[in-house]
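First the structure, in the form of structure tokens, and then the observations on it.
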Amino acid sequence: MPREKLEYAGDFEILECILYTSEGVKIPLNNDILSIDIYEDIENSTISGEMTILDSGNIQQVGPIIGQEFLGLHIGVPTMAGEFDYREDYMHVTSFVHRENVNKQQLHTMKFISREFVLNYRMNIGHSLIGSDSDIVTKLLKESIKTNKTLHIEPTNGLRKFVAPDISPFDIINMCKMEAISAQYNSSTFFFFENKDGFHFRSLESLYAEFPSGMDYTYYVGSLDDCGPDFDLLYNQMLHYEFAYDDDTIVNQQNGKFSSRTIVHDIYNKRWEASTYNYHDNFDNEMHMNSFAGLDENPLYNPVNVDMDENKISDFPTKTYLMPVSRKYPYEDVDGSHSLRGLPSVSTSKPQQVMGQRTSRMASVRGGKEIVMSVYGNPAVSAGSMVNVNIPYVSGVVKVDERGVDRFANGPHLVTSVRHNFNVGAAKPEYKMHLTCVKDCMVDELRDDGRPDRGQYMQPEIFTEFYETEENDP
């Protein structure tokens, strides 16, 4: 059990670290560890990590260490909610990525990953699966992967029959998440990932609904070295932050973040229909993170006219999807490819609802307004957690208003990835987290009166004569 008293910010303890070799040798590593990194990401199906040890007992030969080892790991943080316990659900050591001699000792860096990841790639599924997307995911994790970890599965709409073409369970789950529609909010924003609390098959809305599930992080101007035993203040501070805005409007225009067109071809009834997704027109019909925090929510992009035809940036559906469906009856979502006697009708996919919305919402999370921050470690914060961010508003050039915080980088944020860093080899062992956080809306409404006035459209003058000519040829 972890100690009850926290001695300093970043305090932690390695309670157990045992390497189980393929020849049955148990090697305790508690006293050899220099650092451990554990990675969580809502884009990754499982947890992974790296561990660096300073080996004085030549475990490479004693083990032997060949990349087929199991790692039993237990890390505790005094007084904090949660711990990292991989003793029963052990990790698989997959490779040694670095080895060198340091003062007559061996420095090893090994990679490890959740056992479910390894089990997944040792099997293929080649039979049909029937149920909702959430039912299929649950069945695969329980019966095929046989995980003992907690499952967080959000119910989905519809009944589908999926004929698996001899692919891995995680490949099937990732195909399900692309078409899954939330039964609660009718949205197509599902992720499949693992954090220390288990496996998650959930929509963005279900993650947003847990606000505030994490911490309230603030960047303090000045030093907190003299705050004494006020650990809450220390754990709520940002040690460092930076903005990582990979947000190119030209790229976004082309990849469908602002607008896209979906053409659905019904091969059963020989019909087609088209639908258009518009970021600004659809914004009020979607649930973004501010609504779950009781705050106003507005688009991150301005609906100002961008040309003299009064078009917004979201009025150009430059990305087009062509998707086939097979409907038993026109205008009804009953699959014409499958007939199940005695069972409810199988639903068709709904690309007209899924493609445009999912493309835009995923782009907002994967390449949106990101903040990368370093904080003292707290196991209560994981990938998929909601945190509140407070960054002071600073302007040395233009004074816009009297706001106290940055309007683009404050309020609720979704933690998309975490690197838990346990620096054991330091003079004072320290646990820090490096978080990537993103938001998909803002409280303030952007004014749409900022477009430069170019006046009326004028016909351009056209030059076509580029060569000298002689009117009177002698």
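We did not get these values from a lab; they are worked out from the coordinates using the rules stated. Since the structure is predicted, the reported quantities are computational estimates derived from the model, not experimental observations. For neighbour counting, all protein chains shown are included, and Cβ atoms are generated from backbone atoms with ideal geometry for every residue, glycine included.
Evaluating 6.51 cos²θ - 1.76 cosθ + 1.60 at θ = phi - 60° for every residue in the stretch 129-144, the Karplus couplings come out as 10, 10, x, 6, 4, 5, 5, 5, 5, 4, 5, 5, 5, 7, 9, 8 Hz, glycine and proline recorded as x.
Going through the cross-link list Lys177/Lys432; Lys26/Lys139; Lys146/Lys196; Lys146/Lys328, which pairs have a Cα-Cα distance over 25 Å in this structure? Over 25 Å apart, Cα to Cα: Lys177/Lys432; Lys26/Lys139; Lys146/Lys328. Projecting label points 7 angstrom from Cα along Cα→Cβ for Asp232 and Thr276 puts them 5.2 nm apart.
In straight-distance terms, cross-link reach from Lys428 covers every one of the lysines whose alpha-carbon lies under 21 Å from its own, apart from those fewer than eight places away in the same chain; here that gives Lys5. Between Arg327 and Ile267, Tyr268, Asn269, Gly336, the built amide H atoms are under 5 Å apart, and every one of these is 5 or more places off in sequence or on another chain.
Expressed as an acute angle from 0 to 90° and rounded to the nearest 10, what is the orientation of the C-alpha long axis of helix 351-366 relative to the principal long axis of the chain? Long axis of 351-366 versus the principal axis of the chain: about 60 degrees. In this label model, Ser128 and Leu446 are separated by 4.9 nm, measuring between points 7 Å along each Cα→Cβ vector. Taking amide hydrogens as placed 1.01 Å from N in the peptide plane, the amide H of Leu15 sits under 5 Å from those of His74, Ile75, Gly76, each at least 5 positions away in sequence or on another chain. Mean separation of Cα pairs under 8 Å and 6 or more residues apart, divided by the residue count, gives the stretch 249-363 a relative contact order of 37 percent. Full extension of the segment from Gln253 to Asn269, taken as 0.36 nm per residue of separation minus the current Cα-Cα distance, would add 2.4 nm. By the helix-only formula, in which each DSSP H run with n ≥ 4 contributes -39500 (n - 2.57) and the sum is divided by residues, the chain has a 222 nm mean residue ellipticity of -3500 deg cm²/dmol. Here the Karplus curve 6.51 cos²θ - 1.76 cosθ + 1.60, taken at θ = phi - 60°, turns the phi angles of the stretch 314-320 into couplings of 9, 9, 10, x, 6, 9, 10 Hz, with x standing for Gly and Pro. Distance between the C-alpha centres of the stretch 71-138 and the stretch 1-30: 16 Å, rounded to the whole angstrom. Of all alpha-carbon pairs in the stretch 249-363, indicate the percentage at a distance above 16 angstrom. Tail of P(r) above 16 Å: 66 percent of Cα pairs. In µm²/s, what is D for the chain at 20 °C and 1.002 mPa s, where D = kT/(6 pi eta Rh) by Stokes-Einstein and Rh is the Kirkwood radius from Cα pairs? Result for D is 83 µm²/s.
Straight-distance candidates among the lysines for linking to Lys312, with alpha-carbon spacing under 30 Å and chain neighbours fewer than 8 residues away dropped: Lys257, Lys350, Lys369, Lys399, Lys439. By other beta-carbon atoms within 10 Å, ranking Thr52, Thr156 with the fewest at the front produces Thr52, Thr156. Rounded to the nearest whole Hz, the Karplus-based 3J(HN,Hα) values (6.51 cos²θ - 1.76 cosθ + 1.60, θ = phi - 60°) of the stretch 460-465 follow the sequence x, 7, 10, 9, 10, 9, with x at glycine and proline. When Rg and Dmax are taken over the Cα atoms of the stretch 61-130, they come to 17.0, 60 Å. The relative contact order of the chain comes to 17 percent, based on Cα pairs under 8 Å that sit 6 or more residues apart.
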